[in-house]
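Scroll down for the structure; my scribbles are underneath it.
The values are calculated or read from the model by the stated rules, or taken from the named source; none is laboratory data. Keep in mind the model is a prediction, meaning the values are calculated, not measured. Cβ placement follows ideal geometry from the backbone for every residue including glycine, while neighbour counts extend to all protein chains displayed.
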Amino acid sequence: MEVIFSGVGAIIAGFAAAFAIGWLITQQARNRSKEHATSIVDLAKREAEVVAKEAASKIQLELDEKRAEFERESKREKMEMEIRLNEVHSHEESLAALDHELRLREKNIEQELDEVRASKSNLLEMSGNVQRTMANLASMDVEEIKSELRLQVELECNDALSRMRKDLLERSELDVDREANRTLLAAMQRIASKPNSEISASIVQLPNDDMKGRIIGREGRNIKCFETATGTTLLIDESPRMVLISSFDPVRREIAKSALEALVKDGRIHPATIEEFVGAARLDVDGLIEKAGDAAINQLKISRMHPEITTLLGRLKFRTSYSQNVLEHSVEVAMLCSIIASELGLDPNLAKRAGLLHDIGKAIDGEYEGSHAIVGADFVKARGENDIVANAVAAHHEEVAPESLYAGIVILADTISAVRPGARAESI
């Protein structure tokens, strides 16, 4: 019996041990499952956070692109609105000119009607005089009639002499006008100048469209740095391999174009190189200014010009007046002055010098007080130009009295160059 009980006890103990072992194994498996499930959940959460961050970054990038595109469209629409407003103003000015012309015509017609009424009144008066004369003759003797006729003949001769004198004077004025027109036509026909048009944008070609992204830079840092350094606006749109530089200041636009072309060629585009290349472009533009001044003087074959005057002439290359390039206008005025002076028997070289320098005051800094004509005259006189040239510069807008025929020639040539077809337009 004891053996049996001991065997049963051993079996029960074995079952208990097996149960305990199984329970432990099951508990461990359950713990491992929970840990695995927890790790899977944590991994899923991390992946979800990464995906959310990527989606947020993408959305932010798209928002920045949309915002930049909206700003470009706004600038373009603003420019178009300004152009349309200027067109409206131009039409209004044309209508005002037509209205003024109609009023002048009405005034001329009224004057002609007054003259007709006066002529009619004179005829009636003459008819009454004839009737009274005939009545007087009927009561006069022969000697009285002769005396009266002699008096009438003297009065008629005096009237005829007055008319002859008037005709001679008018004929002389016509001859002078005809000679003046001949001189002006001869001068204008010898000058063939191209029409001018205002340019407010420059185009820079790119080697590929990927360069646009490099110009913009991360978060737009490069394009903002470039626009700040040059004072211009870069317009980057869907046009293939092309960037538009917009600015109404031609000097800034030229500096920006030169710097951007150099950056694209170099390939290293970041804020540090942008500052470096913009500085180099400014030096290049200064060199262009000196060359432009020398070229204008050499073209007109003018000698002994002060270096500071030459530099200011070069600056006029980047100035416009009603869309007309001021340096080209000055050279054209100088040529016209030379031709008109030759036709009148004056010194063409002196007239040419005065014509070239007449607008030099437009290139002088604004710290000098006075109009560009007065400032320019003081500037050239202080640098060795004679009194005739200085007075012609000062008087070309008739702010001071002309003291020589050369001043009158400069006034005339400046007007011809400004009013010829295609020379000027309203500024945008």
Just wondering, is there one or more residues in region 324-337 that are farther than 29 Å from residue 285 by Cβ and assigned by TED's automatic domain parsing to the domain that holds residue 393? yes
Checklist (1) over 23 Å from the mean Cα position of the chain (by Cα); (2) closer than 21 Å to residue 325 by Cβ applied to residue 341, failing item: (2)
Based on this model, can you work out whether residue 41 counts as under 30 Å from residue 217 (Cα atoms), of a type in the set (Val, Ile, Thr) and in a helix (DSSP H, G or I)? no
Would you mention how many residues in region 365-421 are in a helix (DSSP H, G or I), among the charged types (D, E, K, R) and under 18 Å from residue 311 (Cβ atoms)? 2
Of all residues in region 230-268, which are in a helix (DSSP H, G or I) and of a type in the set (Ser, Thr, Tyr)? 230, 258
Could you give me the residue pairs with C-beta distances under 6 Å whose first residue belongs to region 343-364 and is in contact (Cβ under 8 Å) with a residue 40 or more places away in the chain, whose second residue is in a loop (DSSP other than H, G, I, E, B) and surrounded by 23 or more Cβ atoms within 10 Å (Cβ to Cβ) wherever it lies, and which are 6+ apart or on separate chains? 358/396
For region 229-277, give me each residue that is basic (Lys, Arg) and either surrounded by 20 or more Cβ atoms within 10 Å (Cβ to Cβ) or within 27 Å of the chain's Cα centre (by Cα) (or both). 241, 252, 253, 257
Filtering region 305-328 down to residues that are over 15 Å from the mean Cα position of the chain (by Cα), touching a residue at least 12 places away in the same chain (Cβ under 8 Å) and not in a helix (DSSP H, G or I) yields 306
For residues that are modelled with pLDDT of 85 or more and over 19 Å from residue 399 (Cα atoms), scanning just region 352-369, find the one that is surrounded by the most Cβ atoms within 10 Å (Cβ to Cβ). 353
Spot the failing condition for residue 370; the list is (1) under 26 Å from residue 387 (Cβ atoms); (2) in contact (Cβ under 8 Å) with a residue 12 or more places away in the chain, and only one is missed. (2)
Check on residue 360, touching a Leu at 6+ places or on another chain (Cβ under 7 Å) and not assigned by TED's automatic domain parsing to the domain that holds residue 400: no
Qualifying positions in region 350-405 - of a type in the set (D, E, K, R) and touching an Asp or Glu at 6+ places or on another chain (Cβ under 7 Å): 383
If I ask for residues that are out of contact with any Lys or Arg (no Cβ under 6 Å at 6 or more places or on another chain), closer than 17 Å to residue 365 by Cα and surrounded by fewer than 19 Cβ atoms within 10 Å (Cβ to Cβ), which ones from region 311-330 would you list? 311, 321
